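Here is the structure we will look at.
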Amino acid sequence: MDVTLHLAQDPEADELLGRSPLAALVGMLLDQQVPMEWAFKGPSTIARRMGAEDLDAHDIAAYDPDAFAALVSEKPAVHRYPGSMAGRVQQLCRYLVDTYDGDAEAVWRGVGSGKELLKRLQELPGFGKQKAQIFLALLGKQLGVRPEGWREAAGAYGEADSFRSVADITGPESLTKVRAYKQEAKAAAKAKASGG
């Protein structure tokens, strides 16, 4: 895996996301209740604070939980909820260590179908169906991981030429389009909830 992503809109953070499967997974995990760029800059911030050039699932899993929470909470915090997200990152890394010997790329390496890949992603701590589908779409659209049926397994996020999620962001222009789509979807949901 060595591509250029534009999710953090920060060259150093995006470079790490493009070469590190674990960084990409951690960024996706952090992508909730904060701006997307903030979430995807998180892996780079964590690596730097750990004195490393990349994230290592074994190191994070073995880190003292209080010390890791302090590292994630240090200003500027990696997330709006640094304590709980530090726990989630460690939980994800422990799962990867136990299930894949710490090799994040093994989650999708050699997988036979999009359906199987979606199942594996949904088994990751912190990855519900929607997050798993978005990450599957990111793998297919930008990282060249395209098992048979990947677009179908990713649902609407797998559609070509769409601007629904991080899977569709390739630069500032597409980021603007994804933001607009999300705002429209939020407004439509709000209108529906209020009976309008």
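The values are calculated or read from the model by the stated rules, or taken from the named source; none is laboratory data. If you're wondering where the values come from, they're calculated on a predicted model, not measured in any experiment. A quick note on method: Cβ atoms are made from the backbone with ideal geometry, for glycine too, and the neighbour counts reach across all protein chains shown. When the accessible area is computed, the model is the full protein with side chains, heavy atoms only, and any ligands, DNA or RNA have been set aside. Shrake-Rupley method; radii C 1.70, N 1.55, O 1.52, S 1.80 Å.
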Exercise for the section: Please compute the net charge surrounding Ala132, taking Lys and Arg as +1 and Asp and Glu as -1 over other residues with Cβ under 11 Å from its Cβ. Expected result: +3
Exercise for the section: Give the calculated FRET efficiency between Thr99 and Ala187 to the nearest 0.05, with a Förster radius of 45 Å applied to their Cβ-Cβ distance. Expected result: 0.70
Exercise for the section: Extending each Cα 7 Å along its Cβ direction at Asp161 and Asp66, get the distance between those two points in nm, one decimal. Expected result: 5.7
Practice task
Could you check how much of the accessible area of the range 76-196 is carbon and sulfur, as a whole percent, using a 1.4 Å probe?
Solution key: 50
Exercise for the section: Inverting the mean 1/r over all pairs of different Cα atoms, compute the Kirkwood radius of the chain and quote it in Å. Expected result: 17.0
Handout entry: Normalised contact order of the range 80-196, rounded percent, pairs of Cα under 8 Å and 6 or more residues apart
Key = 17
Fill in the blank from the handout: Stokes-Einstein D for the range 108-183 (37 °C, 0.692 mPa s, Kirkwood Rh from Cα pairs), in µm²/s, comes to 266
Practice task
Counting only heavy atoms of the protein chains, get the accessible area per residue of the range 3-156 (1.4 Å probe) and round it to a whole Å² value.
Solution key: 44
Completion exercise
For the range 107-196, listing trypsin sites (Lys or Arg not before Pro) in a DSSP loop whose Cβ sees at most 13 other Cβ atoms within 10 Å gives Arg109
Practice task
Quick one: compute the contact order of the range 39-115, relative version, from alpha carbon pairs under 8 angstrom and 6+ residues apart, as a percent.
Solution key: 29
Practice task
Please give the contour-minus-distance gain from Ser73 to Glu53: 0.36 nm per residue of separation, less the Cα-Cα distance, rounded to one decimal in nm.
Solution key: 5.2 nm
Exercise for the section: Give the range of the longest stretch in the chain that excludes all GluC sites (Glu not before Pro) found in loop regions by DSSP and having at most 14 other beta-carbon atoms within 10 Å. Expected result: 124-196
Handout entry: Value of relative contact order over the chain, rounded to a whole percent, pairs C-alpha under 8 Å and six or more apart
Key = 16
Practice task
Specify whether the C-alpha gyration tensor of the range 34-96 places it in the rounded, prolate or oblate class, a ≥ b ≥ c being the square roots of the eigenvalues: rounded for a/c under 1.5, otherwise prolate if a/b is larger than b/c and oblate if not.
Solution key: rounded
Practice task
At 7 Å along the Cα-to-beta-carbon direction for both Glu152 and Arg109, put a label point, then send me their distance in nm to one decimal.
Solution key: 2.8
Problem - Enclosed volume per residue, in Å³, of the convex hull spanned by Cα atoms of the range 75-119 - result: 103
